[in-house]
Amino acid sequence: MKLKTPPVINKISNVQIMFMATEALWNNKLRTSLTMLGVIIGISSVIAITSVGQGVQKSTEEQLKALGTNVLLVLSGASRSGGVSQGGGSASTVTWDDARAIGKQAPAVKAISAFLQRQVQVVYGGQNSFTSILGTDLNYPDVKNIQPQAGRFFNEDELNAAEPVVVLGSKVRDDLFGVGANALSADIRIQGGRYKVIGVMEPKGSVGGTDQDDRVYIPLKNMSARIVGRNSLAGIAISGFWLQTTGESDLADAQFQVENIMRLRHNLYPPQPDDFRVINQVDIVNTFSNVVGLFTVMVVAIAGISLVVGGIGIANIMLVSVVERTKEIGIRKAVGATNAAILIQFMAESVLVSTVGGTAGIGLGIAIAFGAATAFSFPFVISVWSIAAGFGLSFTVGLLAGVLPARNAARLDPIAALRND
């Protein structure tokens, strides 16, 4: 008479399979934990790096946009010393007259602000600060979207008369007078000259490694006459000028007009190169976003290698588990367990290891990203797709890593398995 397989074995439920898989993993806690480690490191790296990259990108884009996305920067040419370029703005090839001519002749230009920049020592009492000084005109606050937080900016009479007045950046104010102190009406010394503080600019933070608050502002004519000295036969030489358009859509037209007017004013004809440089703020934002995006993709790809290593680790551990549990598999098959039941159990163990590890990795990655955002003061950004991708990757790794061990376990001959020592 043919014996029937006990129904409890044939009709084993998914819940029971998961229970047995969990019990098997719990009985080998250390091995299970070490197996999960590779998945945890890989998933947490993907989540944390993606979040940090997006946070830094968002922070920089916000800072650049706060300075205006409808502006162009025109710099004078670069001087050279020993064959080394000193950077845009270091040569005296652009004048204040050039800037004013652009403002009158370029239809796409709404406003222009010229500037002359140097590094100087600023002194008040026993305190001093080595900072950047900008000699500029009345349009600077509007063009650069920065206004005085206390006091005022200099006026037209002070600009034309080259009055010794100064507006401080918030960091310079804090360095010289103390954090949040009232600096209005105080006298500071710049290169031996006495300047009266008439205003303090609102804080703007750092953009592209340049601290917008670590600078002081004086009238352009004063800067040219007393700080730099007249260094151009064609008028007041400047480092460059900012120009503002009505909107981003006018930037291309404005750049075309500026380049042509400047070449005509400087008598430059093909194939002569420009003796100035035009920088588009939107291009800077887009370039930075692309660089950060590529860097994030590269690092995430590297982090993904640890996921592959974690998957190999899971596969190795599961193969060892099959060898160690050969007799158990033989007993289960002898009492009626099907190949499918054995296959599902070992697959369940593999997926369970990677899924739990992936969940822990997601939590760790979010914690690392939050800590980095808090420590370095950039936005905390966690995208749903990165969490979904992390969980999906961990599940897939477990599924793939468990296929071969589970297949080997399911194919074991019960008689040979029972004979195994």
Revision key, fill the gap. The whole-number value in µm²/s of the Stokes-Einstein translational diffusion coefficient for region 270-351, with Rh from the Kirkwood sum over alpha carbon pairs at 37 °C and 0.692 mPa s, is 180
Point to revise | Computed E for Arg194/Gln147 - FRET, C-beta separation, R0 30 angstrom, nearest 0.05 | key: 0.70
Check your understanding: For the chain, which whole-number percentage of the solvent-accessible area (1.4 Å probe, protein heavy atoms only) is attributable to carbon and sulfur atoms?
Key -> 60
**Study point:** Two-decimal Rg to Rh for region 97-138 - Kirkwood Rh, Cα set
**Key:** 1.25
**Study point:** Solvent-accessible heavy-atom area per residue, rounded to whole Å², over the chain at 1.4 Å
**Key:** 50
Check your understanding: Given charges of +1 on the Cβ of Lys and Arg and -1 on the Cβ of Asp and Glu, with all other atoms neutral, how large is the dipole of the chain about its Cα centre, in debye to the nearest 20?
Key -> 1520
Revision key, fill the gap. Phi angles of region 37-42, converted by Karplus (6.51 cos²θ - 1.76 cosθ + 1.60, θ = phi - 60°) into ³J(HN,Hα) in whole Hz with x for Gly and Pro, give 4, x, 5, 4, 5, x
Review point. Hey, of [x] 0.99; [y] 1.22; [z] 1.27, which did the structure itself give for Rg/Rh (Cα atoms, Kirkwood Rh) when calculated?
Key: [z]
Practice item. Take the Cα of Phe19, step 7 Å along the line toward its Cβ, and report every residue of region 314-348 whose backbone nitrogen sits under 16 Å from that point. Key: 345
**Study point:** Val297-Ala181 pseudo-label distance in nm [points 7 Å out on the Cα-to-Cβ vector]
**Key:** 5.1
Review point. Order of 246-257, 393-404 by packing, highest average Cβ count within 10 Å first?
Key: 393-404, 246-257
Review point. Going down the table (Lys29/Lys327; Lys104/Lys196; Lys144/Lys196; Lys58/Lys171; Lys29/Lys58), which pairs top 31 Å between alpha carbons?
Key: Lys104/Lys196; Lys29/Lys58
Revision key, fill the gap. Output ordering of 36-46, 172-182, 377-387 (per-residue mean of other Cβ within 10 Å, highest first) is 36-46, 172-182, 377-387
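The values are calculated or read from the model by the stated rules, or taken from the named source; none is laboratory data. Note that this is a predicted model, so its numbers are computed, not measured. Cβ atoms come from the backbone with ideal geometry, glycine included; neighbour counts cover every protein chain shown. The protein model used for the area step is the full one, side chains on, heavy atoms only, and it has no ligands, DNA or RNA in it. Shrake-Rupley method; radii C 1.70, N 1.55, O 1.52, S 1.80 Å.
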